[in-house]
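The values are calculated or read from the model by the stated rules, or taken from the named source; none is laboratory data. Just so we're clear, the structure is a prediction, and the values are computed from it rather than from any experiment. So basically every Cβ, Gly included, is an ideal-geometry build from the backbone, and we count neighbours across all protein chains shown. Areas reflect the complete protein model, heavy atoms only, side chains present, ligands, DNA and RNA absent. Shrake-Rupley method; radii C 1.70, N 1.55, O 1.52, S 1.80 Å.
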Amino acid sequence: MTSNIDYIDKIPNNVDLGRDRVLQRALEHWQPAYMGWWYDMGPNESHDYDVYLRTAISVDAEGWAQFDYVKMPQYRWGIFLVPPTQGREVNFGANKGQPAWQDVPGEYRSMLRRIIVTQGDTEPASVEQQRMLGMCAPSMYDLRNIYQVNVEEGRHLWAMVYLLHRYFGRDGREEAEALLDRRSGDADNPRILGAFNEPTPDWLAFYMFTFFTDRDGKFQLSSLAESGFDPLARTCRFMLTEEAHHMFVGETGVGRIVERTAQVMAENRLENPDQVRALGVIDLQTIQRYLNFHYSVTLDLFGGDVSSNAASYYTTGLKGRYEETKVDDDHMLTDATYKVGTVSNGRVIEEEIPALNALNERLRDDYIGEVQAGVDRWNKVIEKHGVAFRLTLPHKGFHREIGNYAGHHVSPDGEVMTEAAWNARRNEWMPSAGDYTFVQAMMQGRVVEPGKFANWIAPPRRGIHTKPIDFEYVRFN
Ligand code: BYC
């Protein structure tokens, strides 16, 4: 039924798709199912809009993308791997020094498939989480940006499905289908990782998600870009090119909300959150609570602090550390140790464990360093307006469901509390039903006039791809 699709034209790629019959047949089955998923679960009511989008067309650093108006169902979801490096080796673990694998090593097949499926599952999940947000966008610029993020998450799904189809035969095809069957938040068939089953009900949540959770994407993809399985490494490296814009959307989105609030607070000499809210902007306390939620849920995505899975991924050479090849050590970690936090006798202590088992924690720490720098930049904006408030990252053990802190009740300051005491302060630390109601009430309807912005967010400094801020980024037709 779809065998007449011209894949060379329709799917920009640098993997010689036109010559690979087996892969073409697999995609002929999967592509219509993907389109069905996009129509059902992609951005609501958007199918006829012309959106000024970036499309990846090559891996050339100078001109890898083209910008133009596109109807999203006609987006050209392409498949790109960065070019192979001659003589590349497995750079860590027990197989260090062997030639990087161009095919799946039989003994690691199921482990590798599991990593690829977990990565792939997050991509459509985020599109599902965000599908209603276009209806209440604060501007045409922001609407375009969320659509850009959505189509590229779609492309990242394609990237993982390409690997499943190309290297895993029948079970790969089955996994590719299952990626379109699971649904974010579904009670019977949920997405694999916790954060991808949480709702993203408003634009503050969306920006927090793209700042915090897309950045987990960056760190996980960076670790997989070190993989000894060369096609995975090369795919992830190219995905990171697009990921940068998603984090930009998150950081500047939160930054613009913070800026608008601080500006209104300064102009009106107000600090009381109720009075701040009454002026139609989001109080900094609510922003802090959203931050606490998204940060803690994202920390869980790194997995257990002590993980034999992570040790196996590393020892086999399938998943490295962040910037593995730049780390100055033996890349085997046989004798190294690493400090992880844990709760003992009612307080948080640190214990030294074998570094191999602490790789999730190490990656989480690398991530936290980068996140802190972003929060510091938001605080500079608040400071510039002379407002005394500062945003902070809560303690690593706060509101955790995975790893050593799971089952404990840790305050944002790191104090271990009883469940009752923690719950009594929950609404101080986490967004309450009332906070969500307030934020959503503010985001009723969308701002559709080019160059206009909702009251609760400052305009960006500049537009997209040299276009002015008041450019018509979306034509609603
Ligand atoms: N929720 O040994 P452990 C992105 C499970 S985001 C639910 O610590 P491991 C993106 C775990 O499966 C990046 N369950 O796990 C962002 C295991 O189950 P079993 C996505 C969880 O394997 C925004 C058990 O707990 N990529 O790209 O070391 C928009 C024991 O745990 C969770 C990847 O994640 C959780 N949060 O670590 C779009 C990379 N955490 O075996 C996209 C690939 C753990 O007991 N994935 N469990 O049944 C991995 O490398 C690893 O699977 C993880 C988990 C690091 C995620």
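Considering each of 403, 397, 386 in turn, give the residue that is within 16 Å of the ligand (Cβ to nearest atom), touching a helix residue (DSSP H, G or I) at 6+ places or on another chain (Cβ under 8 Å) and over 19 Å from residue 204 (Cα atoms).
Details: 397 fails: touching a helix residue (DSSP H, G or I) at 6+ places or on another chain (Cβ under 8 Å); 386 fails: within 16 Å of the ligand (Cβ to nearest atom).
Unique residue meeting the criteria: 403.
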Exercise for review: Taking the options 258, 297, 276, name whichever one is within 30 Å of residue 112 (Cβ to Cβ) and either polar (S, T, N, Q) or assigned to a helix (DSSP H, G or I) (or both).
Suggested key: 297
Study note, to complete from the structure: Of the residues in segment 319-348, those that are touching a residue at least 40 places away in the same chain (Cβ under 8 Å), out of contact with any strand residue (DSSP E or B) (no Cβ under 9 Å at 6 or more places or on another chain) and either open to solvent by 50 Å² or more (accessible area, probe 1.4 Å) or of a type in the set (A, V, I, L, M) (or both) number 3
Study note, to complete from the structure: In segment 451-477, anything open to solvent by less than 50 Å² (accessible area, probe 1.4 Å) and either free of Cβ contacts under 8 Å to residues at least 60 places away in the same chain or not aliphatic (A, V, I, L, M) (or both) is listed as 451, 453, 456, 460, 463, 471, 473
**Study point:** All positions within segment 215-234 that are within 13 Å of the ligand (Cβ to nearest atom) and assigned to a helix (DSSP H, G or I)
**Key:** 215, 216, 217, 218, 219, 220, 221, 222, 223, 224, 232
**Study point:** Near pairs, Cβ below 7 angstrom, 6+ apart or cross-chain, from segment 419-433 (of a type in the set (Asp, Glu)) to any residue that is surrounded by 11 or more Cβ atoms within 10 Å (Cβ to Cβ)
**Key:** 419/409
Review point. Do we have any residue at all in segment 156-176 that's farther than 26 Å from residue 316 by Cα and of a type outside the set (Phe, Trp, Tyr)?
Key: no
Exercise for review: Six or more apart or on different chains, Cβ under 6 Å: which pairs go from a residue in segment 184-208 that's at negative phi to one that's within 14 Å of the ligand (Cβ to nearest atom) and basic (Lys, Arg)? Could you list them?
Suggested key: 184/191; 189/182; 191/182; 197/191
Practice item. List the number of the failed condition for residue 265; all other conditions in (1) open to solvent by less than 40 Å² (accessible area, probe 1.4 Å); (2) not in a helix (DSSP H, G or I) hold. Key: (2)
Review point. Looking at (1) outside any helix (DSSP H, G or I); (2) open to solvent by 50 Å² or more (accessible area, probe 1.4 Å); (3) more than 16 Å from the ligand (Cβ to nearest atom), can you tell me which one residue 306 breaks?
Key: (3)
Practice item. Scan segment 371-378 and give yes if some residue there is part of a loop (DSSP other than H, G, I, E, B), within 28 Å of residue 138 (Cβ to Cβ) and not acidic (Asp, Glu), otherwise no. Key: no
Study note, to complete from the structure: Output for Cβ contacts, cut-off 6 Å, separation at least six or different chains, first residue of a type in the set (A, V, I, L, M) in segment 257-275, second open to solvent by 20 Å² or more (accessible area, probe 1.4 Å) and in a loop (DSSP other than H, G, I, E, B), reads 262/385; 264/279; 266/385; 266/386
Practice item. Go through segment 191-214 and give me each residue that's open to solvent by less than 20 Å² (accessible area, probe 1.4 Å) and within 8 Å of the ligand (Cβ to nearest atom). Key: 195, 196, 209, 210, 213, 214
Study note, to complete from the structure: Scanning segment 115-132 residue by residue, those within 7 Å of the ligand (Cβ to nearest atom) and charged (D, E, K, R) turn out to be 123
Review point. Considering 16, 6, 20, which residue is more than 30 Å from the chain's Cα centre (by Cα), at pLDDT 85 or above and either charged (D, E, K, R) or exposed (fewer than 15 other Cβ atoms within 10 Å of the Cβ) (or both)?
Key: 20
Practice item. Name the residue, out of 435, 413, that is surrounded by 17 or more Cβ atoms within 10 Å (Cβ to Cβ) and farther than 29 Å from residue 226 by Cα. Key: 435
